[in-house]
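Undergrad: Quick one: structure below, then a few questions.
Taken together, the values in this text are just the output of simple stated rules run on the coordinates, not laboratory data. Please read these numbers as outputs of a predicted model, since none were measured by experiment. Here the Cβ is made from the backbone with ideal geometry for all residues, glycine too, and neighbour counts use every protein chain on show.
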Amino acid sequence: MDAFQRLGIDLHSLLLYVVNFGLLAFILGRLLYKPLLRVLDERRDTIKGNLREAEELRAALDRERAERKEEAERMLAQIREEQARARAEAEAKAAALLAQADVRREEMMREAKELIAGMRARVYADVRDDVAARLEAALFAVVGKKTRVDAKALLDAAEPTQTPSV
């Protein structure tokens, strides 16, 4: 003990310091340290729960994205099928319309040819009648009144059996 006193340390004060420190450590441990540890543990648990929830949400989001992507691909494939079907229907309708147009064109061509042939025959008959009348008038003027010549009979005799084609 003399050694402590030579250093200027009072044992009685030292004992009071140790008891005071122990008492302070005990009180602070009970009132401050344990509640602080409890709050930190609760905070740690909350953070872990939030991280776990975030992972679950991320996984759910990834699943949802995958489902949406599959649905979009399915819809795109369906749209492409519908487009192909519509294109095929349109091409079939176009082909049918073209076939109908070809049939109608052929009918119109046949009708036009028949009309032209009828008009040709009428024009030929009109020209023949006109030529016969003029020939008769010319013969009458040349020969005079003494002889009556049938110009139509002359034209019939001189004409070929078929009408000329254009």
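Undergrad: I'd like to know which of ALA95, VAL123, ILE27 lies farthest towards the positive end of the charge dipole of the chain, counting +1 on Cβ of Lys and Arg and -1 on Cβ of Asp and Glu.
TA: VAL123
Undergrad: If you don't mind, another one. Based on the Cα atoms of the chain, what semi-axes does the equivalent ellipsoid have, where each is the square root of 5 times one gyration tensor eigenvalue, given in whole Å with the largest first?
TA: 137, 16, 10
Undergrad: Compute the angle between helix 11-28 and the longest alpha-carbon principal axis of the chain, please, reported from 0 to 90 degrees and rounded to the nearest 10.
TA: Between helix and principal axis, roughly 30 degrees.
Undergrad: At q = 0.17, 0.20, 0.26 Å⁻¹, what log₁₀ I(q)/I(0) does a Debye calculation on the Cα points of region 89-148 give, no solvent, two decimals?
TA: Debye curve over Cα of region 89-148, log10 I(q)/I(0) at q = 0.17, 0.20, 0.26 Å⁻¹: -0.73, -0.80, -0.96.
Undergrad: Turning to a different aspect of this structure: Nearest 500 deg cm²/dmol is fine: what mean residue ellipticity at 222 nm does the chain get from its DSSP H runs of n ≥ 4 alone, each adding -39,500 (n - 2.57), divided by its residue count?
TA: So the helix-based figure for the chain works out to -31500 deg cm²/dmol.
Undergrad: In a GNM of the chain with a 10 Å cut-off on Cα contacts, which of LEU76, LEU98, LEU24 has the highest mean-square fluctuation?
TA: Between LEU76, LEU98, LEU24, it is LEU24 that shows the largest mean-square fluctuation.
Undergrad: Can you compute the charge dipole magnitude of the chain about its Cα centre, using +1 on each Lys and Arg Cβ and -1 on each Asp and Glu Cβ, nothing else charged? Give it in debye, rounded to the nearest 20.
TA: 280
Undergrad: Here is a follow-up. Cα convex hull of region 27-91: mean projected area in nm², to one decimal?
TA: 4.5
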